[in-house]
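The values are calculated or read from the model by the stated rules, or taken from the named source; none is laboratory data. If you're wondering where the values come from, they're calculated on a predicted model, not measured in any experiment. As a convention, Cβ positions derive from the backbone with ideal geometry for all residues, glycine included, and neighbour counts pool all protein chains shown. Calculation scope for accessible area: heavy atoms of the full protein, side chains included, ligands and nucleic acids excluded. Shrake-Rupley method; radii C 1.70, N 1.55, O 1.52, S 1.80 Å.
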Amino acid sequence: LKEQGAKIHKQASETAVSPDTLRQAFADTFAALEDISNYRQQALPVMQKTIEDFRLLTEEGEKQLRKLEDGTDIFDA
């Protein structure tokens with residue numbers, strides 16, 4: 001995306017921008033936006049799973065801390 005952004009910037013900053021160059025700049029922009037959308041769609045489920053895993057670990061950690069506070073052996077079921 002960084003490379004596409006630099007390419008778009010270079011194309012757009014030329015003094016005489018041809019219609020073809022402008023079309024290509026827009027095509028590159030749309031492709032970058034599509035890449036971002038695809039990444040987001042793929043990343044969200046993974047992030048949700050990670051958050052759920054951390055929630056479960058936190059719950060287990062809290063349970064172990066309560067056992068320590070109560071003087072219960074943490075390895076007891």
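Here are the numbers:
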{"item": "Some residue of region 13-36 being modelled with pLDDT under 80, assigned to a helix (DSSP H, G or I) and either touching a Lys or Arg at 6+ places or on another chain (Cβ under 7 Å) or not aliphatic (A, V, I, L, M) (or both)", "result": "yes"}
{"item": "Residue satisfying all of: in region 33-55; within 15 Å of the chain's Cα centre (by Cα) and of a type in the set (A, V, I, L, M, F, W, C); least open to solvent (accessible area, probe 1.4 Å) among these", "result": "43"}
{"item": "Region 20-65, residues that are closer than 15 Å to residue 8 by Cα and either among the basic types (Lys, Arg) or touching a strand residue (DSSP E or B) at 6+ places or on another chain (Cβ under 9 Å) (or both)", "result": "23"}
{"item": "Conditions (1) in contact with a helix residue (DSSP H, G or I) (Cβ under 7 Å, 6 or more places away or on another chain); (2) charged (D, E, K, R); (3) at pLDDT 95 or above: number failed by residue 7", "result": "(3)"}
